[in-house]
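Q: One structure is given below, represented as structure tokens, and several questions about it will come after.
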Amino acid sequence: MDADLTLSPDALLGARAATEQILDELGLRNYRFDVEPASSAFDVFVEHEHEGAWHAVRLHEEARVLLDAVRSDDARSEIAERWRVRLFPSAG
């Protein structure tokens, strides 16, 4: 996947949809996020409430992998496990 695809409206919408699905799967309820294109990837910025405080995390995901998560439960679960470590570091 080339960098131009990450700038397409469909790819950006797909990345946002996948991100929302993953964050919901992780059980986040009080959050906001943004997705920005990077070279053949997306940077996902998440602010969320955890243990009574707000946390800001920047996640980086290959475009192909994040876009696959819209259609694939396996891809979504793999990303969710990687992101869980970053979003909930105290949960180990």
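Just so you know, all these numbers are worked out from the coordinates, no wet-lab data involved. This is a predicted model, so every value here is computed, not measured. Don't worry about glycine lacking a Cβ; one is built from the backbone with ideal geometry, like all the others, and counts go over all protein chains shown.
Q: Calculate the spin-label point distance for residue 38 paired with residue 84, positioning each point 7 Å from the Cα along the beta-carbon direction, and give it in nanometres.
A: Using points 7 Å along Cα→Cβ, the separation is 2.3 nm.
Q: Hey, got a sec? Which trypsin sites (Lys or Arg not before Pro) in segment 22-92 land in a DSSP loop and have at most 11 other Cβ atoms within 10 Å?
A: Hits after loop and neighbour filter: 29, 71.
Q: Using each residue's phi in segment 70-86, evaluate 6.51 cos²θ - 1.76 cosθ + 1.60 at θ = phi - 60° and report the 3J(HN,Hα) Karplus result to the nearest Hz, with x for Gly and Pro.
A: Each residue of segment 70-86 in turn: 5, 9, 10, 4, 5, 5, 5, 5, 4, 5, 4, 5, 5, 5, 4, 4, 7 Hz.
Q: What three numbers, in Å, describe the spread of the alpha carbons of the chain along their principal axes, ordered from the longest?
A: For the chain, the Cα extents along the three principal axes come out at 39, 23, 19 Å.
Q: For a quick check: with amide H placed at 1.01 Å from N, whose amide H comes under 5 Å from residue 59's, ignoring anything fewer than 5 positions away on the same chain?
A: 44, 45, 46
Q: Each residue of segment 42-55 in turn: what ³J(HN,Hα) in whole Hz from Karplus with 6.51, -1.76, 1.60 and θ = phi - 60°, glycine and Pro shown as x?
A: Karplus-based 3J(HN,Hα) across segment 42-55 equals 10, 9, 10, 9, 10, 10, 8, 8, 8, 6, x, 9, 8, 10 Hz.
Q: Can you compute the helix-only [θ] at 222 nm over the chain? Use -39500 (n - 2.57) per DSSP H run of at least 4 residues, normalise by all residues, nearest 500 deg cm²/dmol.
A: About -13500 deg cm²/dmol.
Q: Against the longest principal axis of the chain, how steep is helix 9-25, in degrees 0 to 90 to the nearest 10, with axes from Cα atoms?
A: It is inclined by approximately 20 degrees.
Q: Right, something else. Using 0.36 nm per residue of separation minus the Cα-Cα distance, give me the extension gain between residue 74 and residue 10 in nm, one decimal.
A: 20.9 nm
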